[in-house]
Amino acid sequence: MQRAVFLDRDGTINQEKDYLYRIEDFEFIPGVPEAVKIFNAAGFLVVVVTNQSGVARGYYTEEDVDILHRYVSSQLEGAGAKIDCWMYCPHHPSGKGSYALPCACRKPLPGMLRDAARQLDIDLQSSIMIGDKRADVEAAIAAGCRPILVRTGYGAAEEADVPAGIEIYDDLYSAAVSLLR
């Protein structure tokens, strides 16, 4: 089985922008390509797990999400970094049509992490989940991963709401460097 670093997207990889789906609005948080490179070099699979309720709300399509993810992958690859798998939850209970449902994949539930573990032969107990929200921390705990909160995105505001003892870093790069120690 393999180790993975699960990453939230908005507020962890890229600057937080409400319902981001357009390439021209995407902006890496400084140090992210370098952090992903560090995880790659350390032998971790890198899996992005992101809630994308904008699909359920009708703001954008799953194709829009896929286009953005392909763009981000190409930008990271140009910097020598690699995302091994992208997973997203398009559902929301107050969404529209077939997306308007409660599901097991929407964080804080651990569905995306468990699905990735099955698909990629990941050992969740030796894996890490890094995000900027309490929901990311809760998903990690529910899946049996080591949770880490970053202060980017919503992280600084949510820091007081995470359980005691959770590791907290200023950003993804700081977390990556710390994990190498």
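The values are calculated or read from the model by the stated rules, or taken from the named source; none is laboratory data. It should be emphasised that the depicted structure is a prediction, and the values quoted were computed from it without experimental measurement. Cβ coordinates were reconstructed from backbone atoms using ideal geometry, including for glycine residues, and neighbour counts include every protein chain displayed. Quick note on the areas: whole protein, heavy atoms, side chains included, nothing else; ligands and nucleic acids left out. Shrake-Rupley method; radii C 1.70, N 1.55, O 1.52, S 1.80 Å.
Couple of notes before you dig in:
- In region 58-93, the residues that are free of Cβ contacts under 8 Å to residues at least 24 places away in the same chain and small (Gly, Ala, Ser): Ser73, Ser74, Gly78
- Candidate set from region 98-114 (those that are closer than 15 Å to Gln52 by Cβ, outside any loop (DSSP other than H, G, I, E, B) and not hydrophobic (A, V, I, L, M, F, W, C)); member that is most open to solvent (accessible area, probe 1.4 Å): Ser98
- The set of residues from region 43-61 being more than 15 Å from the chain's Cα centre (by Cα) and surrounded by 13 or more Cβ atoms within 10 Å (Cβ to Cβ) comprises Gly54, Val55, Ala56, Arg57, Tyr59, Tyr60, Thr61.
- Test: Ile130 is under 25 Å from Val55 (Cα atoms), modelled with pLDDT of 95 or more, among the β-branched types (Val, Ile, Thr) and part of a strand (DSSP E or B): yes
- Each residue in region 1-39 was checked for being over 24 Å from Pro108 (Cα atoms), of a type in the set (Asp, Glu) and open to solvent by less than 70 Å² (accessible area, probe 1.4 Å), and 1 of them qualify.
- The criterion of at least 3 residues that are closer than 21 Å to Val137 by Cβ is met, among helices (runs of 4 or more DSSP H) falling completely within region 29-91, by 32-41.
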